[in-house]
1. Using 0.36 nm per residue, how much length does the chain from residue 165 to residue 94 gain when fully extended, once their Cα-Cα distance is taken away?
2. From the square roots a ≥ b ≥ c of the eigenvalues of the alpha-carbon gyration tensor of region 374-418, which class results: rounded (a/c under 1.5), prolate (a/b over b/c), or oblate?
3. Going from the alpha-carbon gyration tensor of the chain, what semi-axes, largest first and in whole Å, does one get by taking the root of 5 times each eigenvalue?
4. Across 5 Å bins from the origin, how do the percents of Cα pairs in region 325-449 run, short distances first?
5. Accessible area of residue 269, 1.4 Å probe, to the nearest 10 Å²?
6. Two-decimal Rg/Rh of region 57-148 from alpha-carbon positions, Kirkwood Rh?
7. Packing-wise, with mean Cβ within 10 Å as the measure, how do 288-295, 466-473, 229-236 rank, highest first?
8. Tally Lys/Arg at +1 and Asp/Glu at -1 over every other residue whose Cβ is under 15 Å from the Cβ of residue 65; what's the total?
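The values are calculated or read from the model by the stated rules, or taken from the named source; none is laboratory data. Since the model is a prediction, treat every value here as computed from it, not as a measurement. When we count neighbours, we look across all protein chains shown, and the Cβ atoms used for this are built from the backbone with ideal geometry, even at glycine. Calculation scope for accessible area: heavy atoms of the full protein, side chains included, ligands and nucleic acids excluded. Shrake-Rupley method; radii C 1.70, N 1.55, O 1.52, S 1.80 Å.
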Amino acid sequence: MRIAHLLAAAALLGGAALSASLLAQGAGAGTLPASGTDIPLAPPRAAAVTQPSAPGAWGGMRSGQEATLSDRVVDYRIEATLDPVKHTIDGKQRLTWRNRSAQPVRSVYLHLYLNAFQNADSTFHTEQRKSGQGIRNSSLSQDGEWGYMDLRSVRQAGADVPWTFVQPDGGPATDQTVVRLDLPQAVAPGGSTTLDIAFFDQLPRVLARSGYFDSFHLVAQWFPKIAVLELPGERGATTVRWNAHEYHAESEYYADFGSFDVKLTVPKEYIVGATGELQGAPLEKDGWLTHHYVQGDVHDFAWTADKRSAKPLVDTWSGHGSGPVKITVLYPPEFASNAAPVMQSTKDALDYFSRTLGPYPYKTVTVVVPPHNASEAEGMEYPTFFTTTSVPGYRAGTTPAALQDFVTIHEFGHGYFYGILASNEFEEPLLDEGLNEYWNHRMLRDTGRKVPLTTPFLRAIGFAPQVDNFAFERQGTPRDEPADPLGQNAYSRLQGIGPVYSRGAITMRDLEAQLGKETMERAFREYYRRWKFRHPSIADLREVLAEVSGQRQLVETVFAQQVYAATRVDDRIASFTSEEQEPLPGMRLENGKRVSVSEEQAARQADKLREAWEKAHPDARPGTGPFPYLTRVTVRRRGADVPQTLVVAFADGSTETVQWRGEQRWHTFEWRKPAKAVSARIDPDGKHFLDVNKLDDSRTLKKDGSASRRWTLDLAAIFQSLFALIATV
C-alpha cells in the first residue's frame with residue numbers, strides 16, 4: 001500500500017498513453033522458460049484480462065458448504081528463529097504443493113522476495129533508478145543494512161533438488177527474486193509433492209514493507225513462496241502456465257490459498273504478533289519463547305517482534321455475520337495515544353465491510369503501529385495482519401489523525417480485496433488498490449467522515465476546515481493527460497502506481513454515480529460472493545457489474561475507456577447566450593400588402609409593446625417581457641464520450657433538461673421561451689469527477705463566482721493539507 005499519495009495530490013507526468021499491445025499480452029498461453037519444463041510462464045508484461053474466467057475456475061464458486069473456505073493448494077509448515085541482534089532468521093519449511101493441472105509438473109518456481117534488497121542490481125532497485133519512482137523510499141540501503149534470503153537446501157523425498165535463478169520478466173541477470181526448482185520426481189496430475197527447505201534471512205533495515213529498526217522487526221515476504229500454476233480458463237490463460245514475476249519496484253504479490261502452521265522462536269522479552277491464531281501459551285526454553293500460529297485459507301504469512309512494545313490493546317467485535325473477531329493492537333510506548341483510535345477504526349472497518357461486502361471469515365485481526373524511524377513499515381497489509389501509521393501527540397479532528405484513520409481502514413480493506421478475493425497484484429493492481437481505495441472513500445462518505453485540514457494548534461484556535469474525501473482524492477489523479485490504462489500492470493506505468501489508487505477510485509465513484517449507489521453495492525457484494533477465495537480478473541469484475549446492473553453497454557464503455565485504455569474526460573460549456581427577440585426592421589406583409597419597417601419604427605414598436613406589457617404585469621420577474629428569448633448553449637467535447645446532462649435555468653423559474661451523448665465533438669442546443677436564461681450547467685449531479693476541469697461545466701449570464709469558489713476550494717484544500725502536515729513534522 002502506498003502512503004505518499006494520501007498526503008497530497010500526485011505529481012502529474014506528461015506523456016502519451018502506453019500502447020494497447022502491453023495490455024494485449026495479458027491473455028493467452030504465455031512465454032516459454034529457458035529450460036527445465038514445458039509449462040510456459042505468464043507474459044512478462046501481462047496486464048488486464050479481457051476474457052472472463054470459466055465458471056469452474058479455481059475449483060468453482062465457494063458455497064460455504066465445503067470443508068474449507070478455499071480450494072487449498074499449498075500447506076506451509078515453518079519453524080523459524082529470530083536473532084534480534086543480527087536481525088536474521090534461521091528457518092525450516094515443509095511445503096506441500098498440489099498439482100491442479102492435468103499434466104505432470106517437472107519444475108516449480110519459488111519467490112525469494114527478500115533478495116530484492118540484497119544489492120543495487122536487483123530488478124527492484126534497477127527500476128527505481130530508471131524511473132525515479134517506487135512504492136516507498138527510493139534510497140538504497142547503507143553498508144550493513146542490505147537484506148537477502150539464502151536457500152540452504154531443498155529436498156524432495158530425501159533427494160536434493162537443484163535450482164536456478166531465473167528472470168521471467170527479462171530483468172537483470174543479477175536479480176534473484178525468482179528461482180526454478182527442477183524436481184527429481186515429477187508431480188503427477190492431481191498429485192502432491194512435499195519439499196523440505198532450509199533457508200536463512202538477513203532482514204534489511206526496514207524499507208518497502210519489511211525489515212528492522214532497533215528492536216522492531218516487521219518480518220514479511222520472508223519465506224520461500226511457491227508461484228501460482230494457472231489453468232486454462234483462469235485469468236485469461238488458454239493453457240497451463242506458471243505465474244511467477246520478479247519483485248518489481250511498484251508491484252506487490254500473488255499466491256495460492258492454503259494453510260500455514262508456523263512456529264516462531266524469539267527472546268522471551270519480545271512481544272510477537274502474526275497472521276492467524278495463537279495456539280495456546282508460548283513455550284519457554286532457555287530464555288526463548290516459541291509462539292505457534294495457525295491459519296487456514298490465506299495466501300501469505302507475516303509477523304512482528306519488538307521488545308519495546310507496550311502491553312497490547314485487545315478487544316473483540318462481531319456483527320453482520322462476522323465474528324467474534326479478536327482485535328489486537330500492538331504499539332510502542334511513544335504512540336500509546338494511538339492505540340484506542342486504531343482499535344476504533346478497525347472496528348468501524350469490520351462493521352462496514354462486513355455489512356456492505358460480506359462477512360469477515362477469520363477470527364483475528366492484528367494491527368501494528370510502528371515506532372519512530374520505522375515509517376517504511378507503515379501502511380502494509382497481510383492476511384489478518386496489517387500495519388498502520390503513527391501519529392505523535394494524537395489529536396482527534398486533525399489531518400494526521402484523519403490520515404491514520406484512513407490508513408487503518410485502507411489496510412483492513414486490503415484483507416478483503418487482496419486477502420479474500422486474492423487478485424493478482426502484479427498484473428491487475430486495480431482489483432486491489434483501486435477497488436479498495438474506492439470502497440474506503442465510500443465508507444468515509446457513508447459514515448460522515450470528511451478530511452479535516454488542520455493541525456492541533458489551528459484546531460485549538462478554531463480553524464478546522466473540512467473537504468469531501470472524493471474531492472480530495474480527485475485532486476491527486478492525473479486527469480488532463482492520463483498515460484496508463486487502469487488495467488495496466490503495476491510495473492509498466494509511465495505515471496507510476498499512484499493513479500491506480502486515485503484514478504481507480506474516482507472511476508468507480510463515477511460509475512456508481514451513473515448506476516446508482518444501491519446498484520453498485522449489490523454488484524460489489526455479488527462480486528465478493530462469487531469470487532471470494534478465488535482469483536478474479538478485471539474481466540470477471542466487469543461481468544459482475546454488467547450482470548447485476550443490467551447496464552452492460554454503460555459498464556463495458558467505461559471499462560473500454562478507462563480500464564483497457566486511458567482516456568481523458570473533458571466536456572465544457574463553450575458558449576451561452578440568451579437574447580430578447582424584438583421586432584426587426586425590413587419588409588413584411590400586413591393585410592396582404594408589403595410594408596417597410598425602418599429600424600426606428602421597429603424600435604418604437606418594441607418600446608410601445610414593452611410599456612403596455614409592463615403596465616399589465618407590474619410584478620413580473622426581471623428577464624421576462626412581451627418578447628421571447630432565444631437561448632443558445634454550445635457544448636464541446638475534448639475527450640471520452642460520457643453520458644452528459646445539460647440543465648438550463650430561466651428567469652421565470654423554469655428549467656430545460658437535455659441529454660447529450662455521442663462521438664460528436666460539439667452540439668448547440670436552442671430554446672425559444674418567454675423568459676431569459678440565467679444559467680447553464682452540464683453534469684449537475686456531479687457524476688463525472690474524472691472530468692479535467694469542473695470550472696467550465698457551468699456558466700451564468702450574470703457574474704457569479706460560486707462555481708469557481710466551489711472547485712478551487714478543493715485545490716486550496718490540498719495545499720492547506722500540505723502546510724498542516726508540514727507543521728506537524
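1. Working: separation 71, 0.36 × 71 = 25.56 nm, distance 2.07 nm.
Working it through step by step, the gained length comes to 23.5 nm.
2. It comes out oblate by the Cα gyration axes.
3. Details: eigenvalues 660, 170, 92 Å².
Equivalent ellipsoid of the chain: 57, 29, 22 Å, largest first.
4. Answer for region 325-449: a P(r) of 2, 12, 23, 25, 20, 13, 5, 1 percent.
5. 100
6. Over the Cα atoms of region 57-148, Rg/Rh equals 1.10.
7. Sorting 288-295, 466-473, 229-236 by mean packing, highest first, produces 229-236, 466-473, 288-295.
8. Result for the local shell: 0.
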